[in-house]
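What follows is one structure encoded as structure tokens, with my remarks underneath.
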Amino acid sequence: MLKIDNLNVFYGESHVLHDLSFDLSPGETVAVMGRNGMGKTTLLKSLIGMIATRSGKIELNGRELAKAKSYERVAAGFGFVPQGRMIFPYLSVEENILSGMDRFKRAEIPEYIYDAFPVLYDMRARRGGNLSGGQQQQLAIARALVSEPKVLILDEPTEGIQPSIIKDIARALNRLKKERDFALIVSEQVLSFTLDIADRFLIIEKGRFVHSDTRANVDADRITRYLTI
Ligand SMILES: Nc1ncnc2c1ncn2[C@@H]1O[C@H](COP(=O)(O)OP(=O)(O)OP(=O)(O)O)[C@@H](O)[C@H]1O
């Protein structure tokens, strides 16, 4: 469904991503893991079109998107939750979610959102900025989901979030994926979280994939070494 082929990304003359390739099947979850500064955010931003790619292909359901604008990529089926969440602090929870539904005429928040994230229902009239980090992360995921992506991209969703809420988010994502039928690309440093949700693990170092595992034969010790050395 999604095919990334030999992606190269530069910041000025600095070559940051080197010939990255991977495929994603419908409904699959891939975790891109690596330490700070290895290129995770750059990869995800280049997929959604916030950073230009120098060369390579990004093909979603047969459509070549490497040169497309971000809004065209969203229309083609990408959803993005950036690092730091970037919700609108002065808008209510409800307004934040509705802001993800611009392209739908009938703007009503679908039931499955509040079923998956009951705390957002309880908080629906509060300002986004008054939510905890974990609640804001759930809000950011909800806002991305209402555009009905085929590929949801999450950049370090567990950053700064307490462990019990991380478990809640993993549970909600697994449930939503079954119900809503989307694939997931998640960048992470927290292996306990990706072990709960990922079908495949790609390890990135200095902008190159250096190791990959499937869930069935994941070598957690080896991945941990990549994340800590
Ligand atoms: N705007 C920029 N200009 C120049 N170099 C950058 C820029 N943003 C990131 N880099 C460099 O690109 C490399 C990859 O950074 P990136 O943010 O993608 O890593 P990351 O794995 O997402 O790390 P983090 O977990 O800290 O977000 C790093 O060496 C970083 O210093």
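Every read-out reported here was derived from the displayed coordinates using simple, explicitly stated rules and does not represent laboratory data. Computed from a predicted model, the values in this text were never measured in an experiment. All Cβ positions, even for glycine, are placed from backbone atoms using ideal geometry, and neighbour counts span all protein chains on display.
Full-extension gain between Lys178 and Ala107, please, as 0.36 nm times their residue separation minus the C-alpha to C-alpha distance.
Result for the pair: 23.2 nm of gain on full extension.
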Expressed in nanometres to one decimal, the distance between label points 7 Å along Cα→Cβ at Lys167 and His211 is 2.7 nm
Cα centroids of the range 171-222 and the range 1-26: how far apart, whole angstrom? 18 Å
Evaluate the Debye formula for the range 123-226 with equal point scatterers sitting on the alpha carbons, no solvent, and hand back log10 of I(q)/I(0) at q = 0.15, 0.18 Å⁻¹, in q order, two decimals. -0.68, -0.95
Whole-Hz ³J(HN,Hα) for each residue in the range 178-195, computed from phi via Karplus 6.51 cos²θ - 1.76 cosθ + 1.60 with θ = phi - 60°, x for glycine and proline: what do you get? 5, 6, 9, 6, 10, 9, 9, 10, 10, 9, 7, 10, 9, 6, 4, 6, 5, 4
Provide the FRET efficiency to the nearest 0.05 for the Leu227-Ala125 pair, computing r from the beta carbons and using R0 = 41 Å. 0.55
For Glu59 and Asp115, calculate 0.36 nm times their separation in residues minus their Cα-Cα distance, and state this gained length in nm to one decimal. 16.9 nm
Under the classification rounded if a/c is under 1.5, otherwise prolate if a/b is larger than b/c and oblate if not, where does the range 1-90 fall, given a ≥ b ≥ c as square roots of the Cα gyration tensor eigenvalues? rounded
Place a +1 charge on the Cβ of each Lys and Arg in the range 2-228 and a -1 charge on the Cβ of each Asp and Glu, then give the dipole magnitude about the Cα centre in debye, rounded to the nearest 20. 320 debye
So the pair-distance distribution of the range 2-228, from every Cα-Cα distance in 5 Å bins, comes to percents of 1, 7, 15, 19, 20, 17, 12, 7, 2, 0
Based on the mean of other Cβ atoms within 10 Å per residue, sort peptides 137-146, 45-54 so the most packed one is first. 137-146, 45-54
